[in-house]
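The structure appears below as structure tokens.
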Amino acid sequence: MMDALLRLTLSVAYADTFAPPEGTHIARQWDSLYSFILWASLIASVMVVAGMIYFALKYKRRSDNDTTAYITHNNTLEFLWSFIPFVFFLIMFGWGWKVYHEMRNAPKGAFEIHVTGQKWNWTFDYKSGKKTDAEFVVPVNTDIKLIMTSKDVIHSFYIPAFRIKQDVVPGRYTSLWFNADKIGDFQIFCTEYCGTGHSAMLAKVKVVEKEKFEEWLANDPYKGLSLVEVGKKVFDGKCTACHNITTEKKVGPGFFGLFGKSRSFADGSSTTADENYIRESVLKPNSKVVQGFPAGVMPTFAGQIADNEIRGVIEYIKTLK
């Protein structure tokens, strides 16, 4: 009992001090409900423990000839200790249902963004045709609806600061919505284990002023960047979960010194890592599997990456030496 009381106390302190920042109205509602449940449980625990100690001391047997009357029951007390918890349960249930219902039903006219999960990165598509990786931008104080799907396995899209989470399932669409009322960058995680690079499947949502969002939406994300800089941006968004820019192996081989090097494959063949090899590795990764690495792990990026992005990746890899 005392351990449970201690855990409740620590949970309350943690919720008040170390919880992620509240970036939406929904987040504040969830935190209020969570705090109510914690404090109600803490107070109830104190009352139960204090009552047990009080009655243990007041009615303890003082001698073998103790003739204290045996009390069988008290109708009023029995009603109260059943009815009061029932009232608290109804409050928690009604409050929770209200917040959950609001969270699951996006307002009409919400700004829609398509989200695609694929081992091990997130891709964000806007109706204007703009596409981003590892980070997406939204305007502050605007209803945003995320329409999500997966290209391979089940992922789970989670923004702790917004207190929203939803499984992302291959072959179907799921959705979430939020209205961020704070400007800043907020971390995104995948919370459904999806393989070796699961913990590196990260992204960020960047909340900006509406004027800045409109300006960002109209701009070319690679404007003013060299091909090498384009390649680095693509690598940071799509490749870092599986590859290093050093010789260290992750899920796949490291890229340091790769260009111009002889590559040996699982089928016994070999080739030189030139422009054509890198392009084929991006678009048809399982046609040539490097010796010592499992087949079928790297997903194809055919249809997801533009020609200038592929050229940028090639030029970036050339610099890693």
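The values are calculated or read from the model by the stated rules, or taken from the named source; none is laboratory data. Bear in mind the structure is a predicted one, so any value in this text is a computation, not a measurement. Note: ideal-geometry Cβ built from the backbone for every residue, glycine included; neighbour counts use all protein chains shown.
Considering VAL140, VAL168, VAL99, which residue is of a type in the set (A, V, I, L, M) and in contact with a His (Cβ under 6 Å, 6 or more places away or on another chain)?
Being of a type in the set (A, V, I, L, M) and in contact with a His (Cβ under 6 Å, 6 or more places away or on another chain) holds for just one of VAL140, VAL168, VAL99, which is VAL168.
Here is a check on your reading of the model: is PHE235 part of a strand (DSSP E or B) and either over 26 Å from LYS145 (Cβ atoms) or free of Cβ contacts under 8 Å to residues at least 40 places away in the same chain (or both)?
Considered against the rule, which asks whether it is part of a strand (DSSP E or B) and either over 26 Å from LYS145 (Cβ atoms) or free of Cβ contacts under 8 Å to residues at least 40 places away in the same chain (or both), PHE235 comes out as no.
Out of all the residues in region 159-185, which are of a type in the set (Val, Ile, Thr) and surrounded by fewer than 20 Cβ atoms within 10 Å (Cβ to Cβ)?
Listed by number, the residues that qualify are VAL169, THR174, ILE183.
Does GLU280 satisfy the criteria of being outside the structural domain of GLN118 (by TED's automatic domain parsing), crowded, with 18+ Cβ neighbours inside 10 Å and not hydroxyl-bearing (Ser, Thr, Tyr)?
So GLU280 fails the test.
Just the residues that are part of a loop (DSSP other than H, G, I, E, B) and more than 17 Å from VAL168 (Cα to Cα), please, taken from region 107-148.
PRO107, LYS108, GLY109, ALA110, LYS127, SER128, GLY129, LYS130, VAL140, ASN141, THR142, ASP143
Any chance region 210-228 includes a residue that's aliphatic (A, V, I, L, M) and under 25 Å from LYS165 (Cα atoms)?
No, every residue in region 210-228 fails to be aliphatic (A, V, I, L, M) and under 25 Å from LYS165 (Cα atoms).
Are there any pairs with C-beta distances below 7 angstrom linking a residue in region 280-297 that is without any contact (Cβ under 8 Å) to a residue 40 or more places away in the chain to a residue that is of a type in the set (Ser, Thr, Tyr) and not in a helix (DSSP H, G or I), with the two at least 6 apart or on different chains, and if so which?
Qualifying pairs under 7 Å: GLU280/SER287; LEU283/THR300; LYS284/THR300; PRO285/THR300; GLN291/SER264.
Looking at region 172-186, is at least one residue farther than 20 Å from TRP30 by Cβ, modelled with pLDDT of 90 or more and not aromatic (Phe, Trp, Tyr)?
Taking every residue of region 172-186 in turn, at least one turns out to be farther than 20 Å from TRP30 by Cβ, modelled with pLDDT of 90 or more and not aromatic (Phe, Trp, Tyr).
Yes/no matrix, rows are residues, columns are (1) under 28 Å from the mean Cα position of the chain (by Cα); (2) modelled with pLDDT of 85 or more; (3) surrounded by 18 or more Cβ atoms within 10 Å (Cβ to Cβ); (4) assigned by TED's automatic domain parsing to the domain that holds ALA200:
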{"position": "ASP236", "(1), (2), (3), (4)": "yes, no, no, no"}
{"position": "SER269", "(1), (2), (3), (4)": "no, yes, no, no"}
{"position": "GLU275", "(1), (2), (3), (4)": "no, no, no, no"}
{"position": "SER287", "(1), (2), (3), (4)": "no, no, no, no"}
{"position": "GLY303", "(1), (2), (3), (4)": "yes, no, no, no"}
{"position": "ALA306", "(1), (2), (3), (4)": "yes, no, no, no"}
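If you check THR132 against the conditions, is it modelled with pLDDT of 90 or more, surrounded by fewer than 21 Cβ atoms within 10 Å (Cβ to Cβ) and either farther than 22 Å from ALA218 by Cα or over 12 Å from the mean Cα position of the chain (by Cα) (or both)?
So THR132 fails the test.
Kindly evaluate ILE144 against the criterion of being touching a strand residue (DSSP E or B) at 6+ places or on another chain (Cβ under 9 Å), surrounded by fewer than 16 Cβ atoms within 10 Å (Cβ to Cβ) and in contact (Cβ under 8 Å) with a residue 12 or more places away in the chain.
No; evaluated as a whole, the condition is false for this residue.
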